[in-house]
RNA sequence: GGAGUAGUACUCAAGUGGCUGAAGAGGCGCCCCUGCUAAGGGUGUAGAUUGGGAAACUGAUGCGAGAGUUCAAAUCUCUCCUACUCCGCCA
């Protein structure tokens with residue numbers, strides 16, 4: 001969300017930005033927002049003046065009553081009653097218009113960074129850099145679910161019976177590898193100086209509404225029956241929610257956290273749940289990075305953060321590349337964002353395993369997260385990035401370490417977490 | 001889950017209907033004294049969010065949140081939230 005003052009003062013910049021994102025259908029919002037804003041301010045002045053009169057009149061009633069001037073005080077009382085009636089209308093209108101303004105403001109996209117490549121949609125995202133040689137083995141690599149099943153590590157028939165499509169039983173060494181990955185990801189980030197955190201896995205509706213749109217909420221979030229609780233779709237929800245409405249001391253910044261949580265997503269719409277695999281599922285686990293920092297530090301954190309994910313996967317011998325989101329593919333809140341994609345030797349293409357974003361102060365404005373020093377209070381900048389989401393990350397490790405005989409070589413970095421084991425065999 | 005107590009600015013804290021947007025203190029600024037430290041004395045200042053105004057200035061909101069009573073609410077009523085204490089339950 002942008003600052004209304006900014007929109008008021010720089011309407012052309014905002015419009016230019018909307019064009020860059022190929023959202024011309026939103027252009028009219030800018031002028032509408034400016035008109036609404038000035039109407040609201042007019043109402044505010046009107047209301048303020050009436051409230052001033054009301055306060056002064058009420059105060060004078062007190063004085064009159066003390067002097068036992070009952071009649072004069074009754075006249076003044078009537079005046080206040082009239083003012084109150086007028087105020088009700090003005091306040092109602094102000095509330096309505098403010099809501100309308102906020103709704104419009106919420107869908108006006110954040111100003112994207114100058115470095116973001118211009119493009120219409122995800123087909124025009126730009127590869128930035130490859131890390132590691134995409135390796136094509138001389139033998140065929142089976143579908144990940146088949147590999148896992150053949151190693152007695154996956155049972156989707158059972159999960160279908162217990163929970164339906166989109167769930168999975170991981171078992172034996174595959175389950176252990178999954179946990180090893182998460183533990184390693186956790187320690188990897190702790191070593192980078194991030195503070196480890198396990199957040200609540202359920203949050204109240206008002207926090208959910210703070211971190212996403214209603215549409216997203218419907219398409220993603222599972223609600224607990226008869227409770228004001230939702231299962232989180234990512235620990236970012238809990239981690240950003242942690243700071244909702246807070247004013248931090250600038251000395252506490254930057255706050256660099258790495259959080260673990262299971263993630264629950266309905267995955268309604270676009271892609272849906274695939275029948276066979278464990279690539280897109282209702283329940284997965286994730287190690288995340290969340291950073292709150294000063295505005296001027298945001299870009300350097302952004303670069304540091306995605307590079308940590310790259311480093312993480314490289315330490316597991318998984319070739320990766322970074323793909324920058326072009327203007328048209330960038331979610332409205334984001335200033336700049338890139339995906340980290342892992343190489344799939346089976347499909348011989350890259351697939352998304354993580355996403356790194358800087359949101360500027362847009363998220364903080366929405367949720368009212370501030371920091372202050374002696375001189376001023378200001379909105380913080382927020383960033384988030386995936387270290388590891390698994391089973392997706394598990395798939396990358398399995399495919400890239402699959403041996404011709406059907407076994408999986410365990411990357412060195414994970415062996416300590418696997419009791420020293422070097423290979424998973426049938 | 002039950003019962004009790006509390007929630008006022010950066011912190012502590014006074015305050016049961018109008019003269020309280022908030023006494024007082026710490027804090028913070030300046031000055032003095034003393035000096036190994038700790039401390040002491042004087043004086044000044046601010047306090048959150050936002051509107052109008054070129055500015056000086058001026059207004060609104062703001063006492064955990066919301067609703068209500070009233071001409072008028074930090075103060076009365078209701079609901080909720082949070083913290084603490086006690087009890088119950090539980091991996």
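The values are calculated or read from the model by the stated rules, or taken from the named source; none is laboratory data. Small disclaimer: the values here were computed from a predicted structure and weren't measured. We place every Cβ from the backbone using ideal geometry, glycine too, and count neighbours over all the protein chains shown.
Name the single residue, out of those in region A:6-21 being assigned to a helix (DSSP H, G or I) and free of Cβ contacts under 8 Å to residues at least 40 places away in the same chain, that is farthest from RNA strand B (Cβ to nearest atom).
Filtering region A:6-21 for residues that are assigned to a helix (DSSP H, G or I) and free of Cβ contacts under 8 Å to residues at least 40 places away in the same chain, the one farthest from RNA strand B (Cβ to nearest atom) comes out as A:19.
Looking for something more than 8 Å from RNA strand B (Cβ to nearest atom), in contact (Cβ under 8 Å) with a residue 12 or more places away in the chain and not in a helix (DSSP H, G or I) - is there at least one such residue anywhere in region A:22-33?
Filtering region A:22-33 for residues more than 8 Å from RNA strand B (Cβ to nearest atom) gives A:22-33.
In the following step, the residues that additionally are in contact (Cβ under 8 Å) with a residue 12 or more places away in the chain were identified as A:22-23, A:26-27, A:29-33.
Cutting the leftovers down to not in a helix (DSSP H, G or I) gives us A:22-23.
For region A:22-33, residues more than 8 Å from RNA strand B (Cβ to nearest atom), in contact (Cβ under 8 Å) with a residue 12 or more places away in the chain and not in a helix (DSSP H, G or I): present.
Criterion first (away from RNA strand B (no atom under 16 Å from the Cβ), under 14 Å from the mean Cα position of the chain (by Cα), over 21 Å from residue A:206 (Cα atoms) and not in a strand (DSSP E or B)) does residue A:360 satisfy it?
It is true that residue A:360 is away from RNA strand B (no atom under 16 Å from the Cβ), under 14 Å from the mean Cα position of the chain (by Cα), over 21 Å from residue A:206 (Cα atoms) and not in a strand (DSSP E or B).
Take the conditions within 22 Å of residue A:263 (Cβ to Cβ) and either modelled with pLDDT of 95 or more or more than 16 Å from RNA strand B (Cβ to nearest atom) (or both) and apply them to residue A:353. Does it pass?
yes
Applying the selection to region A:40-59, what residues are surrounded by 15 or more Cβ atoms within 10 Å (Cβ to Cβ) and more than 8 Å from RNA strand B (Cβ to nearest atom)?
Passing the criteria: A:40, A:43, A:46, A:50.
Criterion first (modelled with pLDDT under 90, over 30 Å from residue A:6 (Cβ atoms) and either away from RNA strand B (no atom under 12 Å from the Cβ) or exposed (fewer than 11 other Cβ atoms within 10 Å of the Cβ) (or both)) does residue A:67 satisfy it? Lay out the reasoning, then the answer.
Working: modelled with pLDDT under 90: yes; over 30 Å from residue A:6 (Cβ atoms): yes; either away from RNA strand B (no atom under 12 Å from the Cβ) or exposed (fewer than 11 other Cβ atoms within 10 Å of the Cβ) (or both): yes.
Answer is yes for this residue.
Has region A:54-71 got any residue that is at negative phi and touching a residue at least 24 places away in the same chain (Cβ under 8 Å)? Write out each step before concluding.
From region A:54-71, those at negative phi are A:54-67, A:69-71; that's our starting set.
Among the residues that remain, those that are also touching a residue at least 24 places away in the same chain (Cβ under 8 Å) are: A:54, A:57.
Looking for residues that are at negative phi and touching a residue at least 24 places away in the same chain (Cβ under 8 Å), one finds at least one in region A:54-71, hence yes.
Please go through region A:205-248 and give me each residue that is out of contact with any strand residue (DSSP E or B) (no Cβ under 7 Å at 6 or more places or on another chain), at pLDDT 85 or above and farther than 21 Å from residue A:282 by Cβ, ordered by number.
Listed by number, the list holds a single entry, A:242.
Restricting the search to region A:301-327, which residues are within 22 Å of residue A:1 (Cα to Cα) and out of contact with any helix residue (DSSP H, G or I) (no Cβ under 7 Å at 6 or more places or on another chain)? Let's see the steps before the verdict.
Narrowing region A:301-327 to residues within 22 Å of residue A:1 (Cα to Cα): A:301-302, A:324-327.
Once the filter is applied, which keeps residues that are within 22 Å of residue A:1 (Cα to Cα) and out of contact with any helix residue (DSSP H, G or I) (no Cβ under 7 Å at 6 or more places or on another chain), region A:301-327 yields A:301, A:302, A:324, A:325.
Among the residues of region A:334-365, count how many are closer than 17 Å to residue A:239 by Cα and buried (at least 22 other Cβ atoms within 10 Å of the Cβ).
8
What are the residues in region A:214-245 that are in a loop (DSSP other than H, G, I, E, B) and exposed (fewer than 15 other Cβ atoms within 10 Å of the Cβ), if any?
Within region A:214-245, A:224, A:225, A:226, A:227, A:228, A:245 meet the criteria.
Only one of A:100, A:91 is more than 16 Å from RNA strand B (Cβ to nearest atom) and closer than 30 Å to residue A:47 by Cβ; which?
None of the others qualify; the one that does is A:100.
Looking at (1) more than 8 Å from RNA strand B (Cβ to nearest atom); (2) loosely packed, with under 11 Cβ neighbours inside 10 Å, which is the only condition residue A:86 fails?
(2)
What is the one condition in (1) in contact with a strand residue (DSSP E or B) (Cβ under 7 Å, 6 or more places away or on another chain); (2) not in a helix (DSSP H, G or I) that residue A:190 does not satisfy?
Failed condition: (2).
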